[in-house]
Amino acid sequence: MRRGGIGLLLAFLVLLALGQFAPDLGMASFYLVLLGSVCFWIAQATSWNLLSGYSGYFSFGQAAYVGVGAYTTAVLTGRHGVSFFYTVPIAAVLCGLLSLGIGAVAFRLGSLRGEIFALLTLAVPFILAAFARINRSIDGGQGTTLPLPEYPDALGSFQQFQYLLALVVAAIAVGVAFVVQHTRSGSALAAIHDNEDVAEVLGVPTFRYKMLAIVASGVLGGVAGSVYALQIGFVTVESVFGLTIPLFVIVMGVLGGRSHWLGPVIGAVLIVTLQDRLSSYGLDEWNAIFLGAILVVLVATAPDGLYARIRARPLTALVAFVVVFGVLFTLNVWGETLDWIVAGLLAAALAAIVRGLRRKPAPPPPSAASPVDTPAMPDEDSGQPEIGPVLVECRGVAKYFGGVHALEDVSLDIRAGELIGLVGPNGSGKTTLVNLLSAATRPTKGTIRIDGHDITKLPPHRIAHVGLARTYQIPRPFDSMTVRDNVATAIMFGRTPMSLRQARPLAEQHLATVALDHLADVRPGRLNLHQRQLLEIARAIASDPKVLLLDEALAGLNPAEIDNAVRVVRRIHRSGITIVIVEHLLRVLNQLATRIVVLDRGTCLADGDPQTVMSDPAVVRAYLGKQAHV
């Protein structure tokens, strides 16, 4: 992080000096105007990426923040004589409140995700545009002109002043994105991007971090819009509330890459300079065609963006740029310096993409190809943990889905140190009970207590902090993270919050517990089913739970993998964690369980030690059939 921060600071200082000493360097005002435009789009693309790139909530509402920021400055300075410098923080506050309102509505309603959220954000600038057009005190269809503000003479010409303002705003936006990505906020947003429900259950307060992202996006977008009003001088509804702004920032974000703070910067520089060169040759009408073609090619060949391709092949990109720029500079038969730079940038991007297509993906490691290669866990005989006081209490718990009674009047106590097998026929309510305990869904009636805390109305992340963790029938890892960072995320947002740097060494220990430490640097997509199940378990215990819910963690495994998983579960139990395991394999439960609870048709049919329960005639009829071989 320190090296990236120093590089970012040096780049800002160089660009600041370039603007300040532009006349001494013989730089034409045109270049300052172009650089100011680049800075505006960097700020907009970066602010959009804070929400849509980092968290995955795709927004079409960027024009709302630009419009509110631009009209705040235009109306206050042009019609009320307020100093430009006072209007910028006012624009920031108004856009912050607007984004706060959008987030409060959208994020409180769990159904507003994906395309529904995108449509909601698309509607906002349309509404604001209509309001501005009919309101004469704002626009009234006439547009609003900005007077030239007073500024210190030391800042040079007006073009220099505009450029420096845009540069400062862009630097702040990129700096915020950089800090967010390298802190707990970045890890939280990445987890939300990959699987929001899992992130919440692991202890990530998803609503809080989504609100942080959307407010930061709104404030930065509004401040950049305020400076943009000064750049264009005459603000109209079409110039700030139209679809051009959201479409451009989306193209820039996708082109550069949405997973890294530098992606939108790359996309903005490439798009703005390319557009400028097309305009200089009288090809303005081709702008949309070129942008559309670039987007189509990129989505098909490099969906992860240019940053990822250039980072993987920096030398290829650098050589392509130097060769193309050098040849054009030496021959000097076409264009000017800016044309050569743009041609070099395009060549670098194309070379990185083509080289990436030609290079075959690396084969998976042997351990990802064969379950035999996952080291078996040694059996450790450290004795069973002592049975302690009641840790989980369910009283009269019921869950109805319309007319379907998934659970009905379930009362259950789970004591510290127990390893309970939860069994029953398909549809008996086992997973529903696990979902109720982890707050993935709410009970229709009844109460649930964990360690004395009533969790019936608590959000899932609060329940994780009380001391409960779970796995899923189908593994749900964070695919954009390494195996190590999957586990580190659970540690960061567990009962003892810490930074990613502090969490990674501890993550190694939890991976060693399940014998996955040799795969710490790979992505979950390269793991087989058994290894993904073990990753689920490692991530769950990393949150330091008192109670661990294993929902069919052995499903789909072969006998050798099952035996290894049994050793892992036994080792975790002996560490003092109370476990509830949902499982159909009776031989596994006979090896592990200290007690078995049987559900049938949503009610508790039997509860006791394994031999007693499995010989119960009611259990045999409901679950095992006429004969039982246990």
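Just so you know, all these numbers are worked out from the coordinates, no wet-lab data involved. These numbers come from a predicted model, not from an experiment. Ideal geometry is used to build each Cβ from the backbone, glycine not excepted, and the neighbour counts take in all protein chains shown.
Annotations
- Which of V254, V390 has the fewest Cβ neighbours within 10 Å, and the rest in rising order: V390, V254
- Antiparallel bridge percentage (DSSP; both residues within the chain; nearest 5): 60
- Restricting attention to the chain, lysine pairs at least eight places apart or on different chains and with alpha-carbon atoms under 27 angstrom apart total 12.
- Dipole magnitude of segment 301-359, debye to nearest 20 (Cβ charges: Lys/Arg +1, Asp/Glu -1, about Cα centre): 440
- Cα long-axis angle, helix 314-331 against the chain (0 to 90 degrees, to the nearest 10): 10
- Sorting S185, S499, S47 by the number of Cβ atoms found within 10 Å of their own Cβ, with the fewest placed first, yields S499, S185, S47.
- Unit charges at the beta carbon, dipole of the chain: most positive-side option, A469, I214, V93: A469
- Size of charge dipole - the chain - debye, nearest 20, with Cβ of Lys, Arg +1 and Asp, Glu -1, no other charges: 240
- The mean sequence distance of close C-alpha pairs (under 8 Å, at least 6 residues apart), as a share of the length of segment 179-291, puts its relative contact order at 13 percent.
- With respect to the chain, whose longest principal axis is taken over its alpha-carbon atoms, helix 206-232 is tilted by about 10°.
- Ranking V201, L412, G156 by Cα position along the charge dipole of the chain, where only Lys, Arg, Asp and Glu carry charges on their C-beta atoms, puts L412 farthest toward the positive end.
- Distance between the modelled labels on V168 and T603, one decimal in nanometres: 7.3 nm (7 Å Cα→Cβ projection).
- Between helix 529-542 and the chain there is an angle of about 90 degrees, using the helix long axis and the longest principal axis of the Cα atoms.
- For segment 213-240 versus segment 545-577, the gap between their alpha-carbon centres in whole angstrom: 54
- Charge dipole (Cα centre; +1 on Lys/Arg Cβ, -1 on Asp/Glu Cβ; no other charges) of segment 476-544 amounts to roughly 120 debye.
- Cβ-based exposure ranking for V180, V82, V235, in which fewest neighbours within 10 Å come first: V82, V180, V235
- Backbone HN-Hα couplings from phi across segment 61-70 [Karplus 6.51/-1.76/1.60, Hz, Gly and Pro as x]: x, 4, 5, 5, 6, 4, x, 5, x, 5
- Zone of T183's modelled label, taken as backbone nitrogen in segment 194-215 under 18 Å from a point 7 Å along Cα→Cβ: 204-215
- Database remark: amide H of D600 closer than 5 angstrom to the amide H of L605 (H placed geometrically; neighbours at sequence offset of 5 or more, or on other chains; Pro and chain starts carry no H).
- Ranking G253, A129, G143 by how far each Cα lies toward the positive end of the dipole of the chain (charges on Cβ) leaves G253 at the top.
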